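Everything below concerns the one structure shown next.
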Amino acid sequence: MVMREQAIQNALADQGYPAPRVLHAALDPVPLGAAFLLMERLPGTPLISTRPIGMDRPLFEAQLRLHALDPAAVARALGDAGTFDGYLASLGRRVARAGLTGLAELMRWLHERRPRPDAPPVICHGDLHPQNVLVQGGRVSGVLDWPNTVIADAAFDVASTHSILRYVPAGLASVPRPLRWLARVGQPILAARYLRGYRRRHAIDSERLAYYEVAAAMRALAQAGERRSRAAGGPPASELDRSAYADRLLAHVAGVTGLAASLPVRPW
């Protein structure tokens, strides 16, 4: 993963995209206890902490700029595992390994309902949200956190961001407590404005978007299922684990697919 992220971020930086350039990748676990990256510290402040209103434009502009880049160098760094086929295959293995039988029908649905490509694949961040975007002086100065990068339909990246904006509980956002009520009220508005802004510049039909929202949700659902299945011997549950996020995603994918997917009961 360390070498993969180094290759991704440097390929993006070479094209002028504001991803932090990796200066050194170390595989030796002795110095810090694990492999690590040493990268540029980019200027700016997380978008979520600087502008509680108007976050949609920096998000969709950063994404449109990313999707316009030449994906060749990133595709070489990712290999077959970094394609959408690779993404689905990895999800299938995780679902099987963790015994998540309540997600098996969703996996079949994703394979059977996959839309035909309508444009060349692009670089998809896979986890773009206001905590992963830095801004300075009214412009995007950095985009962070690249381990979920895939080369896929742009609709997959848009669906990933839209689902995060719409379904992650607003109380988990890094905003001052007195403003959390505003975050809850504004959450569906932000999601809608972001999606509208992107689609004004790059059309995505609703059926395609719905498919990729299910595909994006599956990654979060698989992770939630893994954490619940191994909770007794794993790390403590995070705030996200304890939140309603996975339940909201289950309800959304049921509405799209008509399938009653399920996860193991929460052990916490």
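Here is how the numbers come out for the structure above:
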| quantity | calculated |
| --- | --- |
| Gap separating the Cα centres of segment 45-103 and segment 1-29, nearest whole Å | 16 |
| Anisotropy class of segment 26-82 from Cα gyration tensor, a/c 1.5 cut | oblate |
| For segment 26-43, 3J(HN,Hα) per residue [Karplus equation, 6.51 cos²θ - 1.76 cosθ + 1.60, θ = phi - 60°, Hz, x = Gly/Pro] | 10, 8, 6, x, 5, x, 10, x, 6, 4, 8, 10, 10, 10, 4, 8, 7, x |
| Relative contact order of the chain, pairs being alpha-carbon contacts under 8 Å that are 6 or more residues apart, as % | 21 |
| Cα pair distances in segment 207-266, grouped into 10 Å bins until the bin that holds the longest one, percent each | 22, 51, 22, 5, 0 |
| Per-bin percent of Cα-Cα distances, segment 100-173 [10 Å] | 16, 35, 36, 10, 2 |
| Cα coordinate range in segment 1-105, projected on the principal axes (Å, largest first) | 43, 40, 30 |
| Sites excluded, trypsin sites (Lys or Arg not before Pro) in DSSP loops with at most 16 other C-beta within 10 Å, longest stretch of the chain | 114-229 |
| Label selected from [x] 224; [y] 144; [z] 117, the criterion being volume of the Cα convex hull per residue in Å³ as computed here | [y] |
| Beta bridges per DSSP with both ends in the chain, % antiparallel, nearest 5 | 95 |
| Placed amide H near Val143: partners under 5 Å, 5+ positions off or other chain | Ala19, Leu134 |
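Coordinate-derived values only; no laboratory data. These figures come from a predicted structure and were not determined experimentally. Virtual Cβ from ideal backbone geometry, glycine too; neighbours counted across all protein chains shown.
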